[in-house]
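K.L.:
Please read through the structure below; I'll follow up with questions.
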Amino acid sequence: DRAAIESVLLADERGRLTACLSTQAGCAMGCLFCRTGRMGLKRNLKAHEIVAQVVHMLDTTGWEDPGYNIVFMGMGEPLLNLDRVLEAVEALNDRERFGLGARHITVSTVGILPNLAKLARRPEQFRLALSLHAPTPVARRELMPIEKKYTLSEVLDALRHWRRRVTL
């Protein structure tokens, strides 16, 4: 459908790679600082389209070391496409396919509460990152319309149910 997405491959000073993946073409969040948010949401990506980003990056770079990382922090809000994101996570984590350890996978969110609770119930030990973008609820509300629906205090309360460390 010619919907544009972007993926980024990052290398740290030790040569470890992190693939930053998109989960949607565009984004419905409308955060004021974000160009993707100004595009609006075109559509959710399917699980195979999410995984294809990893395949393309690995093929392009010739990278074969399984020690890379994945972050769902590209275009879109992963928790608004949670079922497809989880399908992709399962494929990436599956020993018969990619064999990427769950601790090498991070899902980033602005804090979509119903799906954050669903994600917290998953048995896999993948990581979670919360995109704050502002130090106070008032400043966050000015930048991120989602703050009106799911307040920072509600999101932080929900994170108490997350059994692992959360990156802010």
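K.L.:
Could you grab me the full set of residues in the stretch 125-165 that are surrounded by 14 or more Cβ atoms within 10 Å (Cβ to Cβ) and within 17 Å of residue 85 (Cβ to Cβ)?
P.N.:
126, 127, 128, 129, 130, 131, 162
K.L.:
Taking the stretch 24-69, which residues are closer than 23 Å to residue 134 by Cα and among the β-branched types (Val, Ile, Thr)?
P.N.:
The answer is 36, and nothing else.
K.L.:
Limited to the stretch 118-129, what total is found for residues that are part of a helix (DSSP H, G or I) and touching a residue at least 40 places away in the same chain (Cβ under 8 Å)? Spell out how you get there, then give the answer.
P.N.:
Let us first name the residues in the stretch 118-129 that are part of a helix (DSSP H, G or I), namely 118-120.
Then drop every residue that is not touching a residue at least 40 places away in the same chain (Cβ under 8 Å), which leaves 119-120.
Residues meeting the conditions: 2.
K.L.:
Further question on the same structure: Evaluate the stretch 86-102: report whether one residue or more is part of a helix (DSSP H, G or I) and within 10 Å of the chain's Cα centre (by Cα).
P.N.:
Keep residues of the stretch 86-102 that are part of a helix (DSSP H, G or I), which gives 86-93, 102.
From what is left, the residues that are within 10 Å of the chain's Cα centre (by Cα) are none.
Checked the stretch 86-102: no residue is part of a helix (DSSP H, G or I) and within 10 Å of the chain's Cα centre (by Cα).
K.L.:
Could you please find all residues in the stretch 80-117 being closer than 15 Å to residue 44 by Cα, surrounded by fewer than 22 Cβ atoms within 10 Å (Cβ to Cβ) and touching a residue at least 40 places away in the same chain (Cβ under 8 Å)?
P.N.:
Passing the criteria: 80, 84, 87.
K.L.:
Give me the pairs, please: first residue somewhere in the stretch 130-153 and closer than 19 Å to residue 119 by Cβ, second residue anywhere and open to solvent by less than 50 Å² (accessible area, probe 1.4 Å) and part of a helix (DSSP H, G or I), beta-carbon distance under 7 Å, and either six or more positions apart or on two chains.
P.N.:
130/155; 130/159; 132/140; 150/113; 152/140
K.L.:
Also, quick follow-up: Is the stretch 37-57 home to any residue that is within 15 Å of residue 144 (Cβ to Cβ) and either at pLDDT 90 or above or not acidic (Asp, Glu) (or both)? Walk me through it before giving the result.
P.N.:
Going through the stretch 37-57, the residues within 15 Å of residue 144 (Cβ to Cβ) turn out to be 37-38.
Then drop every residue that is not either at pLDDT 90 or above or not acidic (Asp, Glu) (or both), which leaves 37-38.
Yes, there is a match, as at least one residue in the stretch 37-57 is within 15 Å of residue 144 (Cβ to Cβ) and either at pLDDT 90 or above or not acidic (Asp, Glu) (or both).
The values are calculated or read from the model by the stated rules, or taken from the named source; none is laboratory data. Please read these numbers as outputs of a predicted model, since none were measured by experiment. Here Cβ is always computed from backbone atoms with ideal geometry, including for glycine, and neighbour counts include all displayed protein chains. With ligands, DNA and RNA removed, areas are computed over all heavy atoms of the protein, side chains included. Shrake-Rupley method; radii C 1.70, N 1.55, O 1.52, S 1.80 Å.
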